[in-house]
Structures are given as structure tokens and as C-alpha cells.
Amino acid sequence: MSKIIRTIGAATFALGITLIGKPADAVVTVTAIEAGGDVVFNATGTYDVTGLSFLTSANFDGRVLPSEAVLFMGEISSGSEMDFYQGLTASPTDFGSGALTGTNNSSGDTFSGDGFGFTFVLFSGLPVIGIPSGALQTGSITSQLVFANSTFASLGLTEGTYDWTWSTDSARLTIGGTTAVPLPAAVWLLLSATGGLFGVGWLGRRRTNA
């Protein structure tokens, strides 16, 4: 029995290393929450725009235009240079009814991290996604944009989930709600296998002691 347990244990360990070591599907997740009298946008994840076509480079500061599904996360005032790609297969037409709201240092708005953005109509009606200028077509991103003294209502944001998708990747904007990060499926598989291993060991001890 101990030999069987050791064999199962080795297989479980190898399976865990193999699965956890595999990268998850690339995806950028953007969340918007109301916190402390502000609206906070956070963007994190990995992206892959190899399935898209380069459109143009442009500089944008932080701004949101919900009625046209526009969100740019960039430096306040000076802006952040971004490379924009087209060829998305799906995009929301809006994520609220709000007009354009820019950012201003004197208002307490803040930005940190990488330039990132997406829009539906800004470039001749084409849905596009923007990544840091000069970056590789695959990479990771972490950004935060804060609209001080704001609410979803004042910005014209509608709570919900909105997806931009293309052949190699996707980006998701979630406005409101909770943003718990689920464990990858590989981790659940590893935990299940480990639980099975302990179960086999327990049964072996029961039979030995019987």
C-alpha cells in the first residue's frame, strides 16, 4: 500500500507542476468600484494582440466616455502613449450614458502604471484596444486610474460586465460588484488529486489497523 501511495503522490506532484506551470489564457480584467468617495479603475492581467492589426499610436490622459464605450488609463495631464489595434470580433457600444469626463491633478485624480485603453467609436467607428506604446504584442499590464470625488452616477456608468474579444484574447470591464479572483482550474484539479491521495492513505491505515 505504501508503494501505491508513493506512486500516486509522485504522479500528483508531477501533474501539479505541469498544470500550474502552464500559463492561463491571456486576459486583461478591468474593474471599477466606488471607494471612499472616489471611482477607482484597476486594470491587471496579460494581453495578446497578435491576432489584431496595428492601427495607430496616440497619446491620451485618463478619461472615460461611457456612452461610447471609451476608457483610457493614462498619465494625468501629460498623457500616456499607446499603440492601438483593430480587428476585434466583439465590443460593447457603451457601458453607460455618461458624457466625456477627463482627469485633472488639481481635482485629486490620480494614475499609476501602464497606459491602457479601449473604445468603440473613437477611431472611425472601429472598436480598438490600446496597449503601452512600443510594447511587445504579448505582455502584462497593471494600471490604476482614480476619479476623485466621483460616483458611478456622476460619471454615468452602468453596473455590469462588458467584454472586448478577438481571436487571441479578450478584455473585460466589470463595473460594481465584487471582484474575487477564482483559482485556476489546474489548482482545483491538483487539490482534488491531493485529496484523493490522502483518502487512499487513510483507507490503507484503516485496513492495517483492522
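Values quoted throughout were computed directly from the atomic coordinates according to the rules given, and no laboratory measurement underlies them. Fair warning: this is a prediction, and the values are worked out from it, not measured in the lab. Cβ: placed from backbone, ideal geometry, glycine included. Neighbour counts: every protein chain shown.
Along region 152-157 the Karplus relation, 6.51 cos²θ - 1.76 cosθ + 1.60 evaluated at θ = phi - 60°, assigns HN-Hα couplings of 4, 5, 5, 8, x, 8 Hz to successive residues, with x for each Gly and Pro. 3J(HN,Hα) along region 95-112: 9, x, 10, x, 7, 5, 10, x, 10, 8, 4, 5, 8, x, 5, 9, 9, 8 Hz, from the Karplus curve 6.51 cos²θ - 1.76 cosθ + 1.60 with θ = phi - 60°, whole Hz, x for Gly and Pro. With all pairs of separate Cα atoms included, region 28-175 yields a Kirkwood hydrodynamic radius of 14.9 Å. Across all directions, the average flat footprint of the convex hull enclosing the Cα atoms of region 26-81 is 5.2 nm².
Annotation: amide H of THR142 within the under-5 Å range of ASP114, sequence separation 5 or more or interchain, hydrogens built in the peptide plane. Shown in residue order for region 79-84 are the 3J(HN,Hα) couplings computed by the Karplus curve 6.51 cos²θ - 1.76 cosθ + 1.60 at θ = phi - 60°: x, 10, 6, 10, 9, 10 Hz (x for Gly and Pro).
Excluding SER77 itself, calculate the net charge of residues whose Cβ lies under 12 Å from the Cβ of SER77, where each Lys or Arg counts +1 and each Asp or Glu counts -1. Here the count lands on -2.
Spin-label pair THR89-THR46: with each label point 7 Å from Cα along the Cα-Cβ axis, the two points sit 2.0 nm from one another.
Taking a Cβ cut-off of under 13 Å around GLN137, the surrounding Lys, Arg, Asp and Glu residues balance to a net charge of -3, with basic ones at +1 and acidic ones at -1. Protection proxy ranking of 69-82, 38-51, 155-168, by the mean of other Cβ atoms within 10 Å over each peptide's residues and highest first, is 69-82, 38-51, 155-168.
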